[in-house]
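Here is the structure we will look at.
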Amino acid sequence: MPGRWNGGLVVAGTPGNREQYAGDRAIADRVSAQGYAYAATDKGNTGPAFHRDGKEPRDAIAEWNDRVTQLTRAARATIAQRYHRPPSRTLVTGLSNAGYLVRRQLENRPELYDGGVDWEGALWRADGPHLLDFLPKALRAHPLHAAGGEGAEEVRRQMHAAGFPEGSEFLWPYHHKVYWDLTQRIYREELDPGFDGATEAGTPYCATGTPACDTDYDYATRPEEVRRAVAKIALTGRIGKPLITLHGTLDACCPSAGTRTSTRGWCARPAAAPCTATTASRADPTPTRSSTRSPAGCAPSRRATTPPSRPWRTG
């Protein structure tokens, strides 16, 4: 809590399965320097074995949402005690998994916030798209693309069709080594633990054709109970407060293509709040901002890049 408080509060979850300090450099340092009070949570479970938390599939992810709600209420009460008045505005923000939590909070607890900023938030919907759709495709296709040969160009097109943007090819080897396999296995274990029986979180980098291999995982053919587990932590698009969404055009971890398409699809459904779209292209990185509302009253958002050095100002 800053000595010269500007009246605002920023609340954040954390990306991936990291601790509450993960957003310090990207978020906390900047907003604190501008006079905001800042609060962050580790979401209640951390590390690659986060799926061990809870009794039922999806319980660990559901807890993330509960923890952010609890933190926001506690932070508002603490601020009122410290500064003798409640915050004049409360914003929720975060990257990746924490970006997902921004949307989830604005859908389910909009009364707690004045708005949110979602940075490359993960998308969860019962019918997809989500990472259990596109990561197995990447795990199957990338080794063939990396090997070269006659089929490499066709495999590259398959990667693009799966949502990985054209131009992101140089990022694929790193993401295959660091993110895709582990992410697929631990989130599949959280939502579909029966896929590999008694094995916990699959077999790392198993070859296609291996029994119970995440490389061959097909969400569309899994039992209905898996879809129900995803539905319980899914997003609907019915946000209740203004939202800014930012997404890099070459993101190879949470590709924006499928997410953006699905967000547009939500516009046929009723929603309560407009979004401010902050947009920029690689050719012209200067962001432009505008409040928009669709004729149907939906709350659209657009994902794009913004210069990381540009200060965040609100209200």
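Holding the Cα-Cα limit at 26 Å, pick out from Lys137/Lys232; Lys55/Lys177; Lys177/Lys241 the pairs that are longer than that. From Lys137/Lys232; Lys55/Lys177; Lys177/Lys241, over 26 Å: Lys55/Lys177; Lys177/Lys241.
Both radii come from the Cα set of the stretch 183-234: Rg as radius of gyration, Rh as Kirkwood radius; their ratio Rg/Rh reads 0.95. Accessible surface comparison of Glu107, Glu153, Glu120, Glu56, probe 1.4 Å, protein chains only, largest first: the order is Glu56, Glu153, Glu120, Glu107. The peptide list 89-97, 66-74, put in order of mean Cβ contacts within 10 Å with the highest first, becomes 89-97, 66-74. Here the relative contact order of the stretch 148-216, from alpha carbon pairs under 8 Å that lie six or more residues apart, stands at 19 percent. Sorted largest first by accessible area at a 1.4 angstrom probe radius, with every protein chain in place, the residues Asp181, Asp127, Asp218 fall in the order Asp127, Asp218, Asp181. Taking one quarter of the surface of the convex hull spanned by the alpha-carbon atoms of the stretch 54-123 gives a direction-averaged projected area of 5.1 nm². Under the simplified labelling scheme, the Asp218-Ala74 pair shows an inter-label distance of 4.5 nm, with each label point 7 Å from Cα along Cα→Cβ. Rounded, prolate or oblate for the stretch 1-101? Axes are the square roots of the Cα gyration tensor eigenvalues, ordered a ≥ b ≥ c, and the cut-off for rounded is a/c under 1.5. Prolate, since a/c reaches 1.5 and a/b exceeds b/c. The candidates Cys213, Cys253, arranged from most to least accessible area with a 1.4 Å probe in the full protein assembly, appear as Cys253, Cys213. Taken one residue at a time, the phi angles of the stretch 14-22 give Karplus couplings (6.51, -1.76, 1.60, θ = phi - 60°) of 10, x, x, 10, 8, 7, 5, 8, 4 Hz. Gly and Pro are set to x.
Take the Cα of Arg4, go 7 Å toward its beta carbon, and the backbone nitrogen atoms of the stretch 28-71 under 16 Å from that spot belong to 30-37.
Compactness of the stretch 102-231 was expressed as the Cα radius of gyration divided by 2.2 N^0.38 Å, which yields 1.18.
The values are calculated or read from the model by the stated rules, or taken from the named source; none is laboratory data. Please read all numbers here as calculations on a predicted model, not as lab measurements. Because the Cβ atoms are built from the backbone with ideal geometry, glycine has one as well, and the counts that use them run over all protein chains shown. Calculation scope for accessible area: heavy atoms of the full protein, side chains included, ligands and nucleic acids excluded. Shrake-Rupley method; radii C 1.70, N 1.55, O 1.52, S 1.80 Å.
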